[in-house]
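Read the figures in this text as sums done on the coordinates, not as results from a lab. This one's a predicted model, so the numbers in the text were calculated from it and none came from an experiment. Don't worry about glycine lacking a Cβ; one is built from the backbone with ideal geometry, like all the others, and counts go over all protein chains shown.
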Amino acid sequence: MLRLLLKYKVWRHDKIHLLLGTRCLSILTSANSLQRPSYEIKDQNKVIDFTVLFSSCSDAASVKRLHALLVVSGKTQTIFVSTRLLNLYAHLGDLSSAYDTFSLMPFKDEYTWNSMISAYVRTGNFTKAMNCFHELTLTSQVQPDWYTFPLVLKACGNLIDGKKLHCWVFKLGFMWDVFIAASLIHMYCRFNAVAAAHYLFENMPFRDSASWNAVISGLCQNGNADEALSIAGEMRLEGMNLDPVTIASILPACVLVGKSLIGMLIHLYVIKHGLEFDLFVSNALINMYAKLGWLEHAQRVFYQMVVRDLVSWNSIISAFEQNNEPAFALLLYNGMQLHGLQPDLLTLVSLASITSQSGHCQNSRSVHGFITRRGWLMEDVIVGNAIVDMYAKLGIIDYARKAFEEIPFKDVISWNTLITCYSQNGFASEAIEIYCMMEAYTDITPNQGTWVSVLPAYSHLGALQQGMKIHGHVIKTHLHSDVFVGTCLVDMYGKCGRLDDAMSLFSEVPRGNSVPWNAIIACHGIHGHGEVALELFDKMLHDGVNPDNVTFLSLLSACSHSGFVGQGYRCFHMMREQYAIKPSLRHYGCMVDLLGRAGQLEKAYEVIKSMPMQPDVSVWGALLGACRIHGNIELGKFASDRLFELDSENVGYYVLLSNIYANVGKWEGVSDVRSLARDRGLKKTPGWSSIEVNNKVNVFYTGNKSHPKCEEIYKELGILTAKIKSLGYIPDSSFVLQDVEEDEKEHILTSHSERLAIAFGLISTVPRSNIRIFKNLRICGDCHNATKFISKVTEREIIVRDSNRFHHFKDGTCSCGDYW
DNA sequence: ATAGGGTTAG
């Protein structure tokens, strides 16, 4: 063995030293395991060149074996050996072993400290890197050197201000070192301190491509793509080529600011300069095409790659996941496993989204379990947030809440995700409660995402006064001109009945994409202002904004609420022919509604028959609703049969059918429907109405008697009913499905939630002021009729927003023209 | 023996 080692010493500069080194190590360790270690090793201490052994260790197991060997031979006492070991662990990413080695060292030199800091920076532990640096400067005799600063500056760039460090670097005279200057420049660019970066950059003795890249990547990471692109232009003017690093940092920035054309040109540059086989460049290209939704291009880049790493796989998987192709994304995930790659934290983030998109609850649980077993929840919030989001999208609120509680260090996005979970699943007041908890119990500053998640909850509840408070907070955080927040505000004012305020906010929001247009068109639609909605659409086209499927949904629904059959047809046609948008179920639902309301029931049925997919409850529901308005028993029966097949438990359809029979005096039909409903033990979505008085939302359920002003409310209702009856109001009991006596039915009608809310509004507000009611379901037909009378006798304008649209009751009429 | 600029995310 000794001879072998001696031979090896001679060959150490040969290319085969790696192979031989490994062989030496295995011989040594097997000798070690023969329980004669002390003799063997003591003898060889002078001979074995450990440097060689170090360079031969490439996997965790051999490093561990070497470590053991060194401990036994007492070698770990020397700074040189332990620092080498520390570096090996750092390269393997084994931070805890690296730290153990570091902390056990009695003496440390510059190499040791730099290696430990480098281990932290490599693994993204920037705070720990800074702490280590502070320990170095405060407690040790060692001075930071010019290997230390690039590392520390990188850590700084990811944390906070680096100005103090700059002074230090300056004082120690390191600033004019090209390496360190580049690090400083990079850090300044990340903090957008362009002047300081520029000063250093201009005064550098010479500039290699890394210095240029320091500027460009710093700007890109700051989202300043325009500046970065112009610097890249200057770089080319100085005769420098864009290298793989430049391209990998500039591509994501291009996408971020919507410069997809430049991205394409860069791809051409890549091909022309033969950079297409660079791993980082290819990965960046995949991500660019993924964000643009050009999946074929992303896939082509992926398949052309010679070497693919975990980032490549993660990128292509997330490309399909983000573009709603969960099945194919899963296929790719399997492919990745076949190639022997272990998923990491980010793979699982994509996987969580994939399982929720495909609606596999069981798989979602598995993903959760996998993450928990690996302990990844402790490593990064992003994983915990992904789990909360996954359960939220599946509608499993309890699990989402539990997953949220499990996150050790929650950030804004954790809170935003939970708020969205509640508001998207129809629990608006819970969403608001979570937002209030965040404000009250944490130091977390709400961001754009917070407003986007909580504002829809206020619009959903119709809580105008509280929503306006949020508007105040939004202005304080300077986010009112953000497209998404601005659109949520437009939506909130529109849905709370303040169409004029919605309009004036709309005029202040940037209108470059369809999002704000869709919101304002939809708002006019639910208020029954079809002609304004159409005008806005023309203006949108005139401004050069491309309509999307949501735009047409808003338009079709606006047309149907205003009875614009011809215009609706025109829009439907335009969507398919001019914009090549395939109509979805909801578009068909709108068309059926449009034709049905206008009395063209046969045509509506024709539309259903022409659908390329299976009609769902919303489509048949639209037809049934239309049959009720126009008293078509035959088609109504047909539609309700389809509905009972799809959703036999929703009471609303039974009510509509019963109402159709009642309107034409077919009482046996009414009683049939009633017994059918009773036999099936129908599930009733509890109806509730709310009214906001003095900044407080009051919620009423049908027959609710728990409100503090309950007695006064029922007294007021009694008086009102008597008054409106004298004006000609006749209760229509076909809206009551319970099998009870006639006078009991009338009592049920008068205690409907919308009427309780109206009565409460009347006694709690000043005479002649408007009353705004919100109802979670569609307003009951009898209540609609009664409210018209109430608006007349009380001389009040009553605005009811139900789940479908706005009803402005004024002087005995309603804006919806009785087609509710 | 240690070092600057790069790709994926809720």
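With each label modelled as a point 7 angstrom along the Cα→C-beta vector, the A:ILE79-A:LEU138 pair spans 2.3 nm. Compared with the dominant principal axis of the Cα atoms in chain A, helix A:310-322 is inclined by about 10°.
So how tilted is helix A:667-679 from the main axis of chain A? Cα-based, degrees 0 to 90, rounded to 10. Orientation of helix A:667-679: about 30 degrees from the principal axis.
The equivalent ellipsoid of region A:688-814 has semi-axes of 20, 17, 15 Å, largest first, where each one is the square root of 5 times an eigenvalue of the Cα gyration tensor. Each label point was placed 7 Å from the Cα along the Cα-to-Cβ direction; for A:VAL307 and A:ASN203 their separation is 4.0 nm. For region A:180-263, applying the loop criterion from DSSP together with a ceiling of 11 other beta carbons within 10 Å to the chymotrypsin sites (Phe, Trp or Tyr not before Pro) yields A:PHE206. Each of A:LEU332, A:LEU464, A:ILE396 was placed along the dipole of chain A (beta-carbon charges, centred on the mean Cα), and the one lying farthest toward the positive end is A:LEU332. With kT/(6 pi eta Rh) evaluated at 10 °C and eta = 1.306 mPa s, and Rh the Kirkwood radius from Cα pairs, region A:740-820 diffuses with a coefficient of 124 µm²/s according to Stokes-Einstein. Rounded to the nearest 500 deg cm²/dmol, what is the calculated helix-only ellipticity per residue at 222 nm for chain A, with -39500 (n - 2.57) per DSSP H run of length n ≥ 4? Rounded to the nearest 500, the figure is -21500 deg cm²/dmol. Projecting the Cα atoms of A:ALA440, A:SER423, A:ALA253 onto the charge dipole of chain A (Cβ charges, centred on the Cα centre) puts A:ALA253 farthest toward the positive pole. Here region A:688-814 is treated with +1 on each Lys and Arg Cβ and -1 on each Asp and Glu Cβ, and its dipole about the Cα centre works out to around 640 debye. Dipole magnitude for chain A: about 1560 debye, using +1 per Lys or Arg Cβ and -1 per Asp or Glu Cβ, origin at the Cα centre. Between A:CYS156, A:SER690, A:GLY93, the Cα set farthest toward the positive side of the dipole of chain A (charges on each charged residue's Cβ, about the Cα centre) is that of A:GLY93. Descending by average beta-carbon neighbour count within 10 Å, the peptides A:475-488, A:342-355, A:574-587 line up as A:342-355, A:475-488, A:574-587, the highest first.
For region A:467-512, the C-alpha radius of gyration sits at 1.02 times the compact-globule guess of 2.2 N^0.38 Å, with N the residue count.
Which angle between 0 and 90 degrees, to the nearest 10, do you get for helix A:295-304 versus the longest principal axis of chain A when only C-alpha atoms count? Helix A:295-304 and the main axis of chain A meet at about 20 degrees.
The distance separating the Cα centre of region A:511-580 from that of region A:280-298 comes to 32 Å. The alpha carbon centroids of region A:618-643 and region A:692-753 are separated by 28 Å.
Sorting A:217-224, A:651-658 by their mean Cβ neighbour count within 10 Å, with the most densely packed peptide first, gives A:651-658, A:217-224. Among the listed pairs A:LYS393/A:LYS709; A:LYS410/A:LYS469; A:LYS666/A:LYS709; A:LYS609/A:LYS788, a Cα-Cα separation exceeding 31 Å is found for A:LYS393/A:LYS709; A:LYS666/A:LYS709; A:LYS609/A:LYS788. Restricting the calculation to Cα atoms, every distinct pair contributes to the Kirkwood radius of region A:91-143, found to be 11.1 Å. Residue-normalised convex hull volume from the C-alpha trace of chain A: 219 Å³ per residue. Taking a spot 7 Å from the Cα of A:HIS473 along the direction of its beta carbon, which residues of region A:427-452 have an amide N less than 13 Å from it? It comes to A:431-452, nothing else.
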